[in-house]
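Note sheet for the following structure.
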Amino acid sequence: KLLITWYLYSLLFLSGLWKLAVPNLSYGLKEMAKSAILPLQLADLQKFIPEVKYADLVRGSSGVRAQAMSVDGTLVDDFEFDTSCPGMLHVRNAPSPAATSSLAIADLVVARAVESFKL
């Protein structure tokens, strides 16, 4: 219970959440409205594909992708490497399964491991 209380406190008062949320509140509310009200989504789609009709739309489930955020509220666009635990290399903010299975990114992780562990 104490952990949940601390988590909520830190989320509401110590994190960069407000620095991210307040400037983007209008955009977020519009996106939620478009998700709930299909005619709004249709109007937005027709800006790019005028031929799209209401009958073309099919409701589906939506997904949520975690996005790392720094303490100052800026979104982290790339991987973050953490070597604060001896003998470990943590790779945070891998943006998608495709990215985590990318050979180019694997080379980057290997290079960082070689550097960090003096291999």
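Couple of notes before you dig in:
- Scanning the stretch 44-53 for residues that are charged (D, E, K, R) and not in a loop (DSSP other than H, G, I, E, B) returns a single hit, 44.
- You will find that of 78, 82, the residue that is acidic (Asp, Glu) and either open to solvent by less than 80 Å² (accessible area, probe 1.4 Å) or in contact with a Ser or Thr (Cβ under 9 Å, 6 or more places away or on another chain) (or both) is 82 and no other.
- A Cβ distance below 7 Å, combined with a sequence gap of six or more or placement on separate chains, defines the contacts here; from the stretch 42-70, residues that are within 27 Å of residue 18 (Cβ to Cβ) reach residues that are assigned to a loop (DSSP other than H, G, I, E, B) in the pairs 68/76; 68/93; 69/16; 69/76; 70/16; 70/76.
- Residues located in the stretch 29-43, provided they are out of contact with any helix residue (DSSP H, G or I) (no Cβ under 6 Å at 6 or more places or on another chain) and either small (Gly, Ala, Ser) or in a helix (DSSP H, G or I) (or both): 29, 30, 31, 32, 35, 36, 38, 39, 43
- Selection count, the stretch 29-59, where residues are surrounded by 12 or more Cβ atoms within 10 Å (Cβ to Cβ) and of a type in the set (Lys, Arg): 2
- Flag for residue 17 being in contact with a Leu (Cβ under 9 Å, 6 or more places away or on another chain), at pLDDT below 85 and not acidic (Asp, Glu): yes
- Identity of the residue in the stretch 5-22, polar (S, T, N, Q) and assigned to a helix (DSSP H, G or I), that ends up farthest from residue 71 (Cα to Cα): 5
The values are calculated or read from the model by the stated rules, or taken from the named source; none is laboratory data. From a predicted model like this one, the values you see are computed outputs, not experimental measurements. Cβ: placed from backbone, ideal geometry, glycine included. Neighbour counts: every protein chain shown. We work out accessible area using only protein heavy atoms, side chains counted, and drop any ligands, DNA or RNA first. Shrake-Rupley method; radii C 1.70, N 1.55, O 1.52, S 1.80 Å.
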